[in-house]
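Taking it in order: structure first as structure tokens, then the write-up.
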Amino acid sequence: MPVRDAVLTDPPAEVDPLALAFGGEVDEPALRVPQEDALARQAFELAAAAANDAVAAGVDQGRLRTTHAYILDPERTRAVVGDVVAASELASHLAGPPVVTVTGAGVRVELTLEADYIFADVIPGAPDGTVVTASATATAVSEPEPPAP
């Protein structure tokens, strides 16, 4: 028996191209999910890669040689993050420069990207896109001291 005014508990995972082509109804949340999720995943992977590269290449070489302390050089660390992000295919989606926080032997990278909705142009009044934020932290871990004999 059909149920009147039934409500879907989950929006469809994909957009029905035929519904778009023939002017049928389209569930707006379905337009947002795939592109936003993919970009968020890529943004997180980029933030993690930038943080990992920065914690490895941003070490203060002078302090490491003289004191054997693994301390990040904030300027060098920020430069590494900037280079990694600029070389990425996501660079054109950045809403602003990466936010880099350096703390001793650790670094936190936060990226904000603008994500366009895939079919936003076909639906009058639909928003063009959204903002996606991703962050990752990396910390250099020193080797443990060998046990005393």
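The values are calculated or read from the model by the stated rules, or taken from the named source; none is laboratory data. Worth saying up front: this structure is predicted, and the values here are computed from it rather than measured. So basically every Cβ, Gly included, is an ideal-geometry build from the backbone, and we count neighbours across all protein chains shown.
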The residue that is nearest to T137 (Cα to Cα), considering only those in the stretch 60-78 that are without any contact (Cβ under 8 Å) to a residue 12 or more places away in the chain and among the hydrophobic types (A, V, I, L, M, F, W, C), is A69
Of (1) surrounded by fewer than 17 Cβ atoms within 10 Å (Cβ to Cβ); (2) hydrophobic (A, V, I, L, M, F, W, C); (3) modelled with pLDDT of 90 or more, A54 satisfies every one except (1)
Hey, P11 assigned to a loop (DSSP other than H, G, I, E, B), in contact with an Asp or Glu (Cβ under 7 Å, 6 or more places away or on another chain) and at pLDDT below 85 or not
yes
Here are the criteria: (1) of a type in the set (G, A, S); (2) at pLDDT below 80; (3) over 25 Å from Y70 (Cβ atoms). Tell me which single one A134 does not satisfy.
(2)
